[in-house]
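What follows is a single structure, written as structure tokens, with notes after it.
Values in this text are rule-based calculations from the coordinates and carry no lab data. No experiment lies behind these values; they were computed from the predicted model shown. For neighbour counting, all protein chains shown are included, and Cβ atoms are generated from backbone atoms with ideal geometry for every residue, glycine included.
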Amino acid sequence: MSHQVRGVVARGKGAPVSLETIIVPDPGPGEALVKIEACGVCHTDLHYREGGINDDFPFLLGHEAAGVVESVGEGVTDVAPGDFVILNWRAVCGQCRACLRGRPWYCFNTHNAKQKMTLLDGTELSPALGIGAFAEKTLVAAGQCTKVDRSASAAAAGLLGCGVMAGIGAAINTGNVGRGDSVAVIGCGGVGDAAIMGSNLAGAAKIIAVDLDDRKLETARKLGATHTVNSKETDPVEAIRELTGGHGADVVIEAVGRPETYQQAFYARDLAGTVVLVGVPTPEMKLELPLLDVFGRGGSLKSSWYGDCLPSRDFPMLIDLYLQGRLNLDAFVTETIALDDVEKAFERMHGGDVLRSVVVL
Ligand SMILES: NC(=O)c1ccc[n+]([C@@H]2O[C@H](COP(=O)([O-])OP(=O)(O)OC[C@H]3O[C@@H](n4cnc5c(N)ncnc54)[C@H](O)[C@@H]3O)[C@@H](O)[C@H]2O)c1
Ligand SMILES: [Zn+2]
Ligand SMILES: [Zn+2]
């Protein structure tokens, strides 16, 4: 059997997205069919539409989602129909060399549903990040579903599925921010702001937010930044050093994904400090640094894939903190919109006044 539902499809490079009828198969072995309740609009969806990720059009967009499992295929035991779940785009395999060494958050062989969702004429869809959740229902690998407390709002919970988890994880997992640390976060969009919240949760003593836009800095302060630097007006390296006794921050999180902001992060950290790159660069970008500085400044230069999260460990824990009022996920939900408003939400992304538009079904 299969299901006919509505979904947001990007048919070709740069073309506006359209709301189409799509066909979702019943789950096969290891798969789950999920009824979507909410899905955030992320920059990556726009990248897909612009052909910036790959050319596998048509795409079924949407990947920051929460919903309820409707049915599961053969052999699925971790989730069951009726479970409220957050979808993740890195279902760990349990068998690759990273998993076997007990480091599943690095899994080198993450998986998605095997069966394809299609358009009415049978054209196969490429689901964004193996999810495709701007749709009433979607088909994923069961490992992409993480059960969490039903009392969380779907709009807030779904955001843990991508950018917010990436930011929190960049601080608490990759950067290993600890009590008393000084942290600087360069780029205060959804990801950077989440890194600020994560640093706050971890007990950082000083959290310096850096952005080019004063409105972003205002929000960053509301979400836990103790100091702000507008790097359009002030040299951020100097400013961060000044705010940290002349030394630099223990951990600097780069949440833009550009060579110049990476260099700022590199020089704004203390000796033996940590740089975390969570912003995603584009293929033509190059980085040039004196190798002697790389050696001489010591410490560690790390990248953060999805906040080095382990969904089964991190999602339920963060939802508990949210329900206790200790993690303000609602602050990321600037507006809730309908399925046919995704194109408008893409336009608003450039305005700078939206952290997340969230489609609620
Ligand atoms: N590593 C991961 O797994 C992962 C997951 C999701 C997103 N990301 C990446 O994280 C980055 C941020 O995502 P987002 O959703 O927060 O994007 P966003 O566009 O909402 O935010 C980017 C912020 O950076 C600021 N900015 C731009 N150029 C700057 C500069 N030169 N100096 C200081 N600030 C600058 C912007 O004003 C904006 O506030 C993107 O590159 C995105 O692709 C990574
Ligand atoms: Zn693996
Ligand atoms: Zn995303």
May I ask you to order 56-66, 198-208 by the average number of other C-beta atoms within 10 Å around their residues, highest value first? 56-66, 198-208
Given the options A38, A209, A272, which has the most mean-square fluctuation in a GNM of the chain, springs set between C-alpha atoms less than 10 angstrom apart? A272
Residue by residue, what Karplus-based ³J(HN,Hα) values in Hz, rounded to whole numbers, does the range 55-68 have, using 6.51, -1.76 and 1.60 with θ = phi - 60° and x for Gly and Pro? 9, 7, 5, x, 9, 9, 7, x, 8, 10, 10, 10, x, 10
Along the charge dipole of the chain, pointing to its positive end and built from +1/-1 on Cβ of Lys, Arg, Asp and Glu, which listed residue (A141, L212, T77) has its Cα farthest out? T77
Vicinal HN-Hα couplings computed from phi for the range 9-24 (Karplus, 6.51 cos²θ - 1.76 cosθ + 1.60; Hz; Gly/Pro x): 10, 9, 8, x, 3, x, 6, x, 6, 10, 8, 10, 7, 10, 10, 10
At R0 = 25 Å the Cβ-Cβ FRET efficiency linking Q4 and D340, nearest 0.05, sits at 0.90
Give the residue from V164, L19, A345 lying farthest towards the positive end of the charge dipole for the chain; charges sit on Cβ (+1 for Lys and Arg, -1 for Asp and Glu) and the dipole is referred to the Cα centre. V164
Rounded to the nearest 0.05, what FRET efficiency do T282 and D121 give with R0 = 35 Å and r taken as the Cβ-Cβ distance? Could you check? 0.60
Enumerate the amide H contacts of R356 below 5 Å, restricted to partners 5 or more residues apart or on another chain; note that Pro and chain-start residues carry no placed amide H. T334, E335
Value at 222 nm in deg cm²/dmol, rounded to 500, when DSSP H runs of n ≥ 4 in the chain each add -39,500 (n - 2.57): -6500 deg cm²/dmol
Quote to one decimal, in nm, the extra length available between A272 and M317 on full extension: 0.36 nm per residue of separation minus the C-alpha distance between them. 13.2 nm
Just order 236-248, 316-328 by mean Cβ neighbour count inside 10 Å, highest at the front, would you? 236-248, 316-328
So how far apart, in nm, are the two label points at L292 and C96 if each is 7 Å from Cα heading toward Cβ? 3.9
Virtual paramagnetic centre 7 Å along Cα→Cβ of F108, amide N under 14 Å, in the range 73-93: 93
Coil-residue chymotrypsin sites (Phe, Trp or Tyr not before Pro) of the range 96-141, DSSP, other Cβ within 10 Å capped at 15: F108
Once you've got the GNM for the chain with C-alpha springs shorter than 10 Å, pick whichever of V294, V333, V41 has the biggest mean-square fluctuation. V294
Kirkwood radius from Cα pairs of the range 84-229 plugged into Stokes-Einstein at 10 °C, 1.306 mPa s, gives D in µm²/s equal to 92
Sort K137, K147 by Cβ crowding within 10 Å, fewest neighbours at the top. K147, K137
Please report D314, D83 as a ranked list, fewest other C-beta atoms within 10 angstrom at the top and most at the bottom. D83, D314
How would you rank T44, T282, T174, going from fewest to most other Cβ atoms within 10 Å of each one's own Cβ? T282, T44, T174
Consider a paramagnetic label point 7 Å from the Cα of H350 along Cα→Cβ; state which residues of the range 1-29 have an amide N under 15 Å from it. 14-17
